[in-house]
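Below: the structure, in structure tokens.
Read-outs: derived from the displayed coordinates by stated rules, not from any lab. No experiment lies behind these values; they were computed from the predicted model shown. Cβ: placed from backbone, ideal geometry, glycine included. Neighbour counts: every protein chain shown.
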Amino acid sequence: MTTTLRKSASPTRANRSRPAVPSDALPNNSRRWWILAVLGIAQLMVALDATVVNIALPTAQADLGFTDSSRQWIVTAYALAFGSLLLIGGRIADIIGRKWTFLIGVVGFAIASAVGGAAVNVGMLIAARGVQGLFAALLAPAILSLLTTTFSEPAERGKAFGVFGAIAGAGASIGLLLGGFLTEYANWRWTLFVNLVFAVITFIGGWFLLDHSKSAERAKLDVPGTLVASVGLFALVYGFSHAETAGWSSALTIAFLVLAGVLLTSFVFIQQRVRHPLLPLRIVLDRNRGGAYLAMFAAAAGMFAVFLFLTYYLQSSLGYSAVKTGVAFLPMTGSLIVVAAVASTVLVTRLSSRVLIPAGMVIAGVGMWVLTTIGLTTSYTAHVLPATILLGVGLGLVFAPGFSLATLGVQPNDSGVASAAVNTVQQVGGSIGTALLNTIAASAAASYVGAHLASGATKSGAQLVQANAAIHSYTTTFWWAAGIFAVGAIIAALVLRPGIPQPDPEAVGVVL
């Protein structure tokens with residue numbers, strides 16, 4: 001059984017309500033694979049920056065002499081700016097043009113990276129990371145929007161989104177590996193300076209390969225929606241980030257989460273009433289796109305548990321170096337890339353996304369279950385390796401069709417904001433997952449110590465209890481992450497339409 005995108009009732013009415021594709025909306029067909037290479041490098045730069053600095057933080061802390069609380073802000077500043085400004089970044093791409101938004105994002109990201117790499121104090125480093133996030137919010141939706149409007153033929157679209165999904169999914173683990181190598185063999189500052197290499201390549205490629213295209217209509221910016229959405233998303237990401245350090249009962253945590261709920265609810269009402277909404281509700285209310293957004297949210301929440309707690313386990317419990325930790329993630333990266341390529345070129349034309357995405361969630365959940373068997377003397381080959389391979393396979397099955405489905409059938413005028421919505425749910429999902437699982441891990445460790453540490457225990461006995469408490473906290477979070485993937489599988493199976501979406505040649509203004 002196959003499904004098609006819904007046709008307009010009549011060509012006349014369709015032309016009034018849905019603008020035709022502008023002649024410059026699709027870049028030169030002969031350059032599309034070179035464009036994919038440029039967009040892939042740019043996406044890798046954005047994706048790996050979520051983790052490439054993490055491994056370098058202890059070295060940077062020793063060099064600049066900042067506190068542990070400041071160290072948290074180096075990560076949080078990037079996430080706050082990125083997550084809260086993505087929607088406005090996507091709409092800017094639609095209004096002023098995807099090429100110029102892309103190039104501005106690349107240049108701004110490079111300058112912020114250079115400033116961060118040259119930081120002389122922690123304030124300068126935190127500010128640079130915040131500016132990085134700001135320009136990433138411009139760059140990320142422009143990348144996906146350009147990909148959407150460049151590849152219009154369904155078979156080629158599948159291949160392109162397979163490559164993109166593999167890069168987006170593997171970027172975080174590549175960041176861990178690259179960060180480890182640069183920190184150990186160069187200097188922590190190169191975890192930021194390395195972005196200049198990516199930026200030069202992508203700017204030159206973008207300048208010569210990309211065509212200028214923007215919305216066919218001179219839509220005005222939805223100022224009320226922009227302010228409410230940006231502040232609401234900021235409050236949401238900050239609230240969950242604050243919960244990591246201050247706990248869920250903190251007055252500030254509760255205040256920001258309540259504020260986020262009020263503002264984001266208000267945003268929905270605003271979008272129903274304004275003439276040029278920041279996020280047209282038709283984008284998210286489509287079952288396939290909405291289901292893809294929910295799946296990407298769950299995948300991001302679960303995936304970050306792997307990177308965070310498995311990194312802790314490998315370095316703190318097994319004593320791995322930064323480089324060895326990065327190498328340990330390579331099987332996951334490799335399997336994700338291979339499966340995403342196969343899924344996008346072979347499976348999506350034969351199996352419904354309603355089958356592929358839930359199956360990927362289940363496989364990733366099984367990988368998490370395998371990780372619950374780790375211990376203080378666990379063998380990497382027997383426990384961690386098969387788990388990371390399963391996670392790579394599962395995430396590959398989610399990301400490849402997920403990115404494509406999330407932008408399938410979107411009008412060219414909305415491609416930027418639809419692309420931003422995908423990145424937003426990933427960013428928010430990762431922030432929520434990290435905060436939630438961090439809190440669960442801390443509670444599990446404290447409970448274990450309270451139950452097993454006897455009064456008057458020897459120093460060695462206390463150390464053993466603490467070590468086992470850490471293992472218990474990791475395995476507890478892996479159980480929760482497995483549950484997140486299970487819930488994601490159920491939601492995707494219920495929400496996504498059955499069948500394989502097919503292009504409707506009579507639909508007006510639909511980019512496939």
Using the 10 angstrom Cβ neighbour count as an exposure proxy, how do V487, V131 rank, fewest first? V487, V131
Can you give the longest stretch of the chain with no exposed loop site, where a site means trypsin sites (Lys or Arg not before Pro) in a DSSP loop (not H, G, I, E or B) with at most 11 other C-beta atoms within 10 Å? 7-217
For a protection proxy built on the mean count of beta-carbon atoms within 10 angstrom, sort 240-247, 191-198 highest first, please. 191-198, 240-247
Relative contact order of the chain, please, whole-number percent, based on alpha carbon pairs below 8 angstrom and at least 6 residues apart. 26 percent
Note on the chain: helices (DSSP H) long enough, at least 15 Å by alpha carbon along their axis, and hydrophobic enough, mean Kyte-Doolittle at least 1.6, are 32-48, 190-209, 251-271, 330-342, 353-371, 385-407
Once you have a ≥ b ≥ c as the square roots of the Cα gyration tensor eigenvalues for region 202-317, tell me rounded if a/c is under 1.5, and otherwise prolate or oblate according to whether a/b is larger than b/c. oblate
For Y313, Y380, ascending order of other Cβ atoms within 10 Å (fewest first) is Y380, Y313
CD proxy, 222 nm, the chain: helix-only mean residue ellipticity via -39,500 (n - 2.57) per DSSP H run with n ≥ 4, per residue, nearest 500, stands at -25000 deg cm²/dmol
Fewest first, what order do I357, I88, I440 take by the number of other Cβ atoms within 10 Å? I440, I88, I357
